[in-house]
């Protein structure tokens, strides 16, 4: 038995007050920052099919494990499909770092495989509608239900202004001048949407953070970017071109057209604001371009040496193009 | 002058070696990273072939946006283009309205983005702009 299996067994035995054996442990997280492992927990009678997410060390956490697990519980209560949480651990004595253990949900998570499954089963519109309903449920959750410690704009600052402040800081750290990115930022500053709401938002809901099966969307994962912000930020991020993984003509994650998402969102009580959606889509596209440039910078400065991080630097051009294309209505027109 | 094969030919050779001989012998994370390496080699091959002219076009386009003579901005093409980019960012970060600059900049930057993509990811930008793929 590996150290990991022993650690999980020790933890569950203490937590559940009866001897637990860990069997069939499988790692599913090649190359990811955190470890995701699937395993069975056997108590001599019943088998529980579980999944654990482990951060190698507390220093590497993007969000404290108690906040992330709080977000999962809040989401489940709000009616968003998420894996049910069984246990949360901060003590590195068990598996080396903070972790949480939840029910195992079967299905596909790798983006291109998700798209193949969805195309094969003809469930693109179904999945899109399910995403719309999940968003409506999340955005309807009372802000008071948000776990304490969740990131939010400073008092008196709107999500739009908080977003701009965050981008300004990141643009300042770019290794080289990026006029396309600066033009996008300039447009965002000068075209702020009228409306700005503060709700609990997922922050990274896209193909890649979903579990999908033949019956459609089964779970929304990776709540580390959960924060208080504008609901349109969530819908727009899902629709950023990069997250269509090649099925570019289907705006919502490569699954279906935007109206399918909007209709389902509205029918489930969501308030769709087209101006806000467009603004946050420009924002998300710019933000991801800056994010890729930052990955390349982390390789170059030696903090995260990796050929994959280095290659990110040559993908910034895609986001620059997408950003400029989104502003075609504004600046294009006559050649 | 270096002997044949040229830089471009060698890069093409390395890419083909990685794809045809190395990838099939690997699996999992290592196979993925070699695929990334192969893609980078192909980018470098296109850069060797298309890069210099793309840089010259970038220099001309940015000079036109900024209404500057780039010759005085640096000794090499790279230095001139670096300085032009820096100055355009400065102009775009300046307060106040300048719709004309934004429009001129957008056109130039769109053309420059297409040239970058011809090297970094051919086919990503459709030949005919229009449609709503973004």
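Listed values, structure above:
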| quantity | calculated |
| --- | --- |
| The protein assembly as shown - Kirkwood radius from inverse mean 1/r over Cα pairs (Å) | 24.4 |
| Expected 222 nm ellipticity per residue - DSSP helices of 4 or more, -39500 (n - 2.57), all of chain B, to 500 | -23000 deg cm²/dmol |
| Nearest-ten-degree value, helix B:77-93 long axis tilted from longest Cα axis of chain B | 50 |
| Inter-centroid distance (Cα atoms) of the stretch B:1-66 relative to the stretch A:278-335, Å | 20 |
| GNM top mover of A:192, A:250, A:18 - chain A, alpha-carbon springs below 10 Å | A:18 |
| Distance from the stretch A:176-202 to the stretch A:135-164 (C-alpha centre basis), Å | 17 |
| Convex hull (Cα only) mean projected area of the stretch B:66-134, reported in nm² to one decimal | 6.2 |
| Paramagnetic reach from residue A:60 in the stretch A:99-116 [backbone N under 18 Å; point 7 Å along Cα→Cβ] | A:99-101 |
| Using alpha-carbon coordinates, inclination of helix A:316-326 to the longest axis of chain A, degrees | 50 |
| Cubic angstrom per residue, convex hull over Cα atoms of the stretch A:265-335 | 126 |
| Computed FRET value (nearest 0.05) for residue B:21 with residue A:257, which takes r as the C-beta separation and R₀ as 35 Å | 0.25 |
| Taking only Cα atoms of the stretch A:189-286, radius of gyration then Dmax in Å | 13.2, 44 |
| Candidates A:70, A:45, A:270, ranked by Gaussian network fluctuation over chain A, Cα under 10 Å, top entry | A:45 |
| Alpha carbon Rg of chain B, scaled by the compact-globule rule 2.2 N^0.38 Å | 1.35 |
| Rg/Rg_ref, the stretch A:1-123, where Rg_ref = 2.2 N^0.38 Å and atoms are Cα | 1.12 |
| Descending principal axes extents, the stretch A:152-229, alpha-carbon based, whole Å | 44, 33, 21 |
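We did not get these values from a lab; they are worked out from the coordinates using the rules stated. Note that the structure is predicted; figures quoted are calculated from it, not measured. Ideal geometry is used to build each Cβ from the backbone, glycine not excepted, and the neighbour counts take in all protein chains shown.
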